[in-house]
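None of the figures in this text is laboratory data; all of them are computed from the coordinates on show. Please read these numbers as outputs of a predicted model, since none were measured by experiment. Neighbour counts run over all protein chains shown; Cβ positions are idealised from the backbone, glycine included.
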Amino acid sequence: MGLLLLNPYLVHIKSEPMESNLKRREFIKRSTKVCMGGCLLFSSTVPFTLSGRDGQSIDPAKLCYCGYSCPEDCHFLVASQKNDAELKKQVFEEWELEKRYGLKFDPEQMFCFTCKPVDRPEGPVQKKCTVRICAIERGYQACIECDELVTCEKDLWERYPQFYEGVIDLQKKYKLQQS
């Protein structure tokens, strides 16, 4: 049973160790997913960065193939730029890359410099991204240019339906901008 000790400057919770077969990493991983799910459920905003907000012009060339705009502080991008093996491993586990793509962790082969790298190699995630592959095959700079986007059933959209809705909205704005 936990005991709450009050200090004028700090609040400490002293508790007994949890008796469980759940490993610390698995507990943190599951807790993070639950927290993110709750945030998505109770949030009215799209959890991804989409371009074209606040009256900005939408330029497919400046977007990732899926319509996403990679933030500069993306953990995978930062890990790749710094060649930080520990951060790469953390991203590998958080993004479940072994499960999703059948990849084995190799810090030398695990990197991402966005899905449109200039003078940089393509990483394993980019090579396996079905949205990216489709857009390139069809000659699009971003999938918002595709007339079949609203009926697309790529795995990315299934995993992140709220993001998919945001990309469809972005496509509508892009088409209005083109008229």
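List of remarks:
- Least to most buried among Thr114, Thr130, Thr151 (fewest other Cβ within 10 Å first): Thr151, Thr130, Thr114
- Shape category assigned to segment 138-179 from the gyration tensor of Cα positions, a/c cut at 1.5: oblate
- Residue pairs, from the table Lys62/Lys175; Lys82/Lys173; Lys89/Lys127; Lys116/Lys173; Lys104/Lys172; Lys82/Lys116, whose Cα atoms sit over 27 Å apart: Lys82/Lys173; Lys104/Lys172
- Eigen-decomposition of the gyration tensor built on the alpha-carbon atoms of segment 69-130 gives equivalent ellipsoid semi-axes of 16, 14, 11 angstrom, largest listed first.
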